[in-house]
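Single-structure report; data block below.
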Amino acid sequence: MDALRHIAAYTALDLIAVCLLTLAIYYPRHRRRDLVPAYLALNAGLFTVVVALAEAGGSGGATLGFGLFGVLSIVRLRSDAVQHEEVAYYFTTLVLGLVCGLPQLALPAKAGLSGILLLVVWAADSPRLLARSRRAVVTLDTVHGCPAALRTDLALRLGEPLNWTVREVDFVRDLMVVDVRYREPRPGGGSGPAAVSEQVRRRVPAGEPV
């Protein structure tokens, strides 16, 4: 009976933690309904296997190894492109199932570690954290040989460029593909792309390398 009560408590803790992660943090921010059942199923599956291995007499090392194998292999278990923040949610979902299922940890320790994980994800994926930082892959209809000219062009189109990588240059079609990290202009007067471009011209001498 004590074992059943412990399993019930661990299950309740795991379900509460993963529901908070998926329904209270992930879905309101990213609105991808298709990943919600994936997160829930992965968490429940790993938790169930960890508990079953523990009850069947599996060693803690084998249980931990199985959990880590699931964490490391999940990146390959996808049918379409997954953003980096979604991979982070995959990782957290599996770690929650692993932590809550380990029999060696007491319930308060499980609850504390789960709370820390949820707090870190909530803060790291907050819309207010680096809110104006953006990334875009841009195809330009011209080839810039000068970094300063490229910076000015990107500033006119997007905002203040922070860093970029030239992915492709096509001299035949006269285009280039650039992966850009930039700072979005503040809403309001005097902060649009033109103003940002003027700031870039003043700040960066012509010909400065990236």
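The values are calculated or read from the model by the stated rules, or taken from the named source; none is laboratory data. Remember, it's a predicted structure, so these values are computed and weren't measured experimentally. Counting neighbours? That spans all protein chains shown, and the Cβs are built from the backbone with ideal geometry, glycine included. With ligands, DNA and RNA removed, areas are computed over all heavy atoms of the protein, side chains included. Shrake-Rupley method; radii C 1.70, N 1.55, O 1.52, S 1.80 Å.
For the stretch 134-145, state whether one or more residues are at pLDDT below 90, in contact with a strand residue (DSSP E or B) (Cβ under 6 Å, 6 or more places away or on another chain) and small (Gly, Ala, Ser).
yes
Considering only the stretch 25-49, state which residues are loosely packed, with under 13 Cβ neighbours inside 10 Å and in a helix (DSSP H, G or I).
Taking the stretch 25-49 first, the residues loosely packed, with under 13 Cβ neighbours inside 10 Å are 28, 31, 33-34, 37, 41.
Once the filter is applied, which keeps residues that are loosely packed, with under 13 Cβ neighbours inside 10 Å and in a helix (DSSP H, G or I), the stretch 25-49 yields 28, 37, 41.
Could you check the stretch 1-24 and list, in sequence order, the residues that are more than 19 Å from residue 98 (Cβ to Cβ) and buried (at least 16 other Cβ atoms within 10 Å of the Cβ)? Step through it out loud before you land on a result.
So in the stretch 1-24, the residues more than 19 Å from residue 98 (Cβ to Cβ) come out as 1-5, 23-24.
Result: no residue meets the conditions.
For the subset of the stretch 91-112 comprising residues that are modelled with pLDDT under 90 and open to solvent by less than 20 Å² (accessible area, probe 1.4 Å), which member is nearest to residue 26 (Cα to Cα)?
Only one residue tops the list, namely 94.
Mind checking whether some residue in the stretch 35-49 is modelled with pLDDT under 90, β-branched (Val, Ile, Thr) and in contact with a Ser or Thr (Cβ under 6 Å, 6 or more places away or on another chain)?
Checking the stretch 35-49: not a single residue is modelled with pLDDT under 90, β-branched (Val, Ile, Thr) and in contact with a Ser or Thr (Cβ under 6 Å, 6 or more places away or on another chain).
If you check residue 131 against the conditions, is it modelled with pLDDT under 90 and under 30 Å from residue 169 (Cβ atoms)?
Working: modelled with pLDDT under 90: yes; under 30 Å from residue 169 (Cβ atoms): no.
Criteria not met by residue 131.
Here is a check on your reading of the model: is residue 85 open to solvent by 30 Å² or more (accessible area, probe 1.4 Å), touching a residue at least 40 places away in the same chain (Cβ under 8 Å) and among the charged types (D, E, K, R)?
Details: open to solvent by 30 Å² or more (accessible area, probe 1.4 Å): yes; touching a residue at least 40 places away in the same chain (Cβ under 8 Å): yes; among the charged types (D, E, K, R): yes.
In short, yes.
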